[in-house]
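Each remark here refers to the structure printed beneath this line.
The values are calculated or read from the model by the stated rules, or taken from the named source; none is laboratory data. Note that the coordinates shown come from a computational prediction; the quantities given were computed from them, not determined experimentally. Glycine also receives a Cβ, built like all others from the backbone with ideal geometry; neighbour counts cover every protein chain displayed.
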Amino acid sequence: MSIIFIIVFLAAFGVFLLLNDQLDRQRIREHVKADGGDVLNISWNSFVRDWLRRSSERTYDVRYKTSSGLIVTATCKTSMLSGVRWIPDSPNDFGNIGEGS
């Protein structure tokens with residue numbers, strides 16, 4: 001009986017993780033698209049400088065094309081409750097696009 005419970009729990013947890021990842025990616029795509037951009041690639045970033053902090057946010061590296069044609073790579077954090085938050089010291093954070101360089 002306990003083996004079945006463990007298997008069911010692990011399967012449910014796996015489905016939860018997959019669903020969470022898909023929702024995160026959709027949230028990031030919508031955020032970029034709202035500013036006229038087009039996402040080229042989203043990859044989960046498992047190593048984050050503040051990995052010791054406990055947080056429900058997940059970190060992603062995002063490569064996208066801006067409405068002006070620039071290709072940008074930036075890092076963001078997201079969760080169901082916090083939305084999308086761009087990390088300011090990523091190579092090209094979303095908030096600085098179009099401001100001169």
Taking only pairs six or more apart or across chains, which ones have beta-carbon atoms under 6 Å, a first residue in region 72-101 that is within 13 Å of ILE42 (Cα to Cα) and small (Gly, Ala, Ser), and a second residue that is surrounded by 14 or more Cβ atoms within 10 Å (Cβ to Cβ) and at pLDDT 80 or above? ALA74/VAL62; ALA74/TRP86
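Hey, can you tell me all the residues within region 10-33 that are in contact with a strand residue (DSSP E or B) (Cβ under 8 Å, 6 or more places away or on another chain) and either among the hydrophobic types (A, V, I, L, M, F, W, C) or modelled with pLDDT under 90 (or both)? Reasoning before the result, please.
Quick first cut of region 10-33, residues in contact with a strand residue (DSSP E or B) (Cβ under 8 Å, 6 or more places away or on another chain) only: 20-21, 24-25, 27-29, 31-33.
If the condition is that a residue be in contact with a strand residue (DSSP E or B) (Cβ under 8 Å, 6 or more places away or on another chain) and either among the hydrophobic types (A, V, I, L, M, F, W, C) or modelled with pLDDT under 90 (or both), then ASN20, ASP21, ILE28, VAL32 are the ones that fit.
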Please enumerate the residues belonging to region 34-58 that are modelled with pLDDT of 90 or more and touching a Phe, Trp or Tyr at 6+ places or on another chain (Cβ under 9 Å). GLY37, ASP38, VAL39, LEU40, ASN41, ILE42, SER43
Residue satisfying all of: in region 30-44; surrounded by 13 or more Cβ atoms within 10 Å (Cβ to Cβ) and aliphatic (A, V, I, L, M); nearest to THR59 (Cα to Cα) among these: ILE42
Any pair with Cβ under 7 angstrom, 6 or more apart, that starts in region 14-27 at a residue that is under 16 Å from LEU81 (Cβ atoms) and ends at one that is β-branched (Val, Ile, Thr) and surrounded by 11 or more Cβ atoms within 10 Å (Cβ to Cβ): ASP24/THR78; ARG27/THR78; ARG27/VAL84
